[in-house]
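The values are calculated or read from the model by the stated rules, or taken from the named source; none is laboratory data. Please read all numbers here as calculations on a predicted model, not as lab measurements. Counting neighbours? That spans all protein chains shown, and the Cβs are built from the backbone with ideal geometry, glycine included. Side chains included, ligands, DNA and RNA excluded: accessible areas come from the protein's heavy atoms. Shrake-Rupley method; radii C 1.70, N 1.55, O 1.52, S 1.80 Å.
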Amino acid sequence: MVLRKGPLETYEAYHFWADRFREDFVKSRQSWAELYAFEVDRAKDAPVFRQIYLQLRSAILSGALRPGTKLPSTRDLAAQLDVSRSAVVSAFEQLLAEGYASGKKGAGTYIASDLPEPFGAIHGRKKRPVSAAKAAASSRELGGFVDVTTQSDECPFNLGRTLVDARTAELWRKLSARSLRSFGRHHLGYGHPHGMLELRKSVCDYLQAARAVRCEPEQVVITSGTQQALDIVIRVMQGPDKEVWIEDPGYSLTHLALVAAGAKVCPIPVDQYGVNVTEGIRRAPKARAVFITPSHQFPKGVALSMARRLELLAWARESGAWIVEDDYASEFRYGGQPLASLQGLDEAERVIYIGTLNKALFPGLRMGYAVVPPSLVRAFITARYLMDRQPSSLCQAVVAAFMEEGHFAAHIRRMREMYRNQRDALVAALRRRLGDHLTVDPPDQGMHLVAYTRSGLSDVTVERAGREHGVIVRAMSRLYVEAPAQSALMLGFSGYPRQIIAPAIARLAQAFER
Ligand SMILES: Cc1ncc(COP(=O)(O)O)c(C=O)c1O
């Protein structure tokens, strides 16, 4: 497939990957029957060939072995079960005669794609669905999972989607192939939970240059992304009866992770200068930790002012609290003076800095990092080891090469330009079609914008109507815990090519008219 240049290049790269994946998926079906646990019991009255036939038929009808699956050769299956080959041949012949299998001499036997009986026929009973209430009871507060997987060009503007252009896609393929060619011992065994040294060095160089983070490679721990880093922090910090501050409104996955871990969550209101530190100190002066997004508050997009940064750091130094800085999407700055990281201002080593490559590159990568104060490094690595041992060695090698060879910086530059254009197209379309209903300003940073509703219109109502018109706009009011909720829509712009923006906003306008 040729990757066309121009505005569609990202789009095509995306579909190219999806097609490859589908082909590989179909091929992989062919071998599962080799792992099926067939058994023969010679003490039974039923002849051996019939026992094999019945097991295969039941595996087919229950769906354990799917249409298109290649069956093992009669020779291999006979050897596996320690029976005569003729018994296996008879079983296969019966399946062929009844239409459960198909095949040509020499080409193997496959489970038929057109079965004589439908799937599930053997277990006539229907599975009883577990009620949502019961399921939630066993996992406590975890019923709040927010579906971000509904991300498509057909139904934009869900949050968190990124684009990868043809250049990055091509480089990624090359570097992956190179990493696989050198497939050596260091890829095969257990690696260090800390992460690969080359990658930690690159992350360190990048953070010092771009975010003024003060770090050494020993302080960098490679994670699968922000979510894992948060989970590790929560484990490392847990202590009985300790309160933690969260932003109100804030990132729901931080909130949920804390609630699920049994933390005492103290929501602190956010205004135009970021989280209200004075109010936090008044409400929970002895809090163990503060979870914040200072460079681009999620969801509102404001930056924590310098005065509040200094107030927060001074309080953390005196009280011994930890500040957990989630610096998501800081790579995508479109204008204005960026404030350097909070970690870079910290003289007392109270800040745990968390960054993600799942936004800078793509969410399916599942890779990120934490920069941990020296006193916490051992505890952090141990918690990571107990949770998940180590990051994938092959993936780390690809990302390390991508960063070391300068492709990461170039990718960020190109994507920043592309996302800026998409942001501008979205703002223009919203103002043109929905200016009477929404107030929207282009954000200086990030991957989403916030459009405030006018004249008391409920964001939840618009969210619902939008879905019916094939547009996902998330209601910001859902992210408030205690503070009086503001009604606004959050629209991701990073993942949606320019050409689909205006038609989608026209559909959203229809939802408003209704
Ligand atoms: C506030 C915030 N932090 C971090 C992330 C990235 O999370 P992860 O690296 O787990 O994909 C997101 C993604 O939506 C986010 O909204």
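Values as computed for the structure displayed
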quantity: Relative contact order computed over the chain (Cα-Cα under 8 Å; 6+ residues apart), in percent; calculated: 16 percent
quantity: The stretch 238-358, dipole about Cα centre (Lys/Arg Cβ +1, Asp/Glu Cβ -1), debye to the nearest 20; calculated: 220 debye
quantity: Between the stretch 420-450 and the stretch 264-309, the Cα center-to-center distance that results, in Å; calculated: 26 Å
quantity: The chain: projected area of the alpha-carbon convex hull, averaged over directions, in nm²; calculated: 30.1 nm²
quantity: DSSP-defined antiparallel bridges as percent of all bridges, the chain, nearest 5; calculated: 60 percent
quantity: Label-point separation in nm, Gln272 to Arg85, each point 7 Å along Cα→Cβ; calculated: 8.4 nm
quantity: Theoretical FRET efficiency, 1/(1+(r/R0)^6), r = Cβ-Cβ of Glu93 and Arg42, R0 30 Å, to 0.05; calculated: 0.90
quantity: For the stretch 396-514, with +1 on Lys and Arg beta carbons and -1 on Asp and Glu, the positive-most of Leu489, Ala429, Val460 along the dipole; calculated: Ala429
quantity: Equivalent ellipsoid semi-axes, the stretch 245-353, via Cα gyration tensor eigenvalues times 5, rooted, Å; calculated: 20, 17, 13
quantity: The chain, accessible area per residue, ligands and nucleic acids excluded (1.4 Å, Å²); calculated: 50 Å²
quantity: Rg over Rh, two decimals, the stretch 399-441 (C-alpha only, Kirkwood Rh); calculated: 1.32
quantity: Distance in nm between pseudo-label sites at Asp388 and Arg514 (7 Å out along the Cβ direction from Cα); calculated: 3.9 nm
quantity: Sequence of Asp388, Asp45, Asp248, Asp205 when ordered by accessible area, the most exposed leading, probe 1.4 angstrom; calculated: Asp45, Asp205, Asp388, Asp248
quantity: Residue pairs, from the table Lys70/Lys105; Lys174/Lys359; Lys300/Lys359; Lys201/Lys264, whose Cα atoms sit over 25 Å apart; calculated: Lys201/Lys264
quantity: Using alpha carbons only: equivalent-ellipsoid semi-axes of the stretch 300-406, gyration tensor based, whole Å; calculated: 27, 21, 11
quantity: Per residue convex hull volume, Cα atoms of the stretch 363-483, in Å³; calculated: 204 Å³
quantity: For the stretch 79-120, projected area of the alpha-carbon convex hull averaged over all directions, nm²; calculated: 3.8 nm²
quantity: Label-point separation in nm, Trp32 to Arg432, each point 7 Å along Cα→Cβ; calculated: 4.8 nm
quantity: For the stretch 233-286, convex hull volume per residue from C-alpha positions, Å³; calculated: 76 Å³
quantity: Dmax and Rg, reported as Rg then Dmax, of the stretch 148-208 (C-alpha, Å); calculated: 16.7, 44
quantity: The stretch 273-377 - percent of accessible surface contributed by carbon and sulfur, probe 1.4 Å; calculated: 54 percent
quantity: Dipole magnitude (debye, nearest 20) for the chain, charges at Cβ of Lys, Arg, Asp, Glu; calculated: 840 debye
quantity: Charge dipole magnitude, Cβ of K and R +1, D and E -1 - the stretch 146-302, Cα centre, debye nearest 20; calculated: 560 debye
quantity: Under 15 Å from Lys104, Cα to Cα: aspartates and glutamates that are on another chain or at least 8 residues apart; calculated: Glu93
quantity: Normalised contact order of the stretch 159-294, rounded percent, pairs of Cα under 8 Å and 6 or more residues apart; calculated: 18 percent
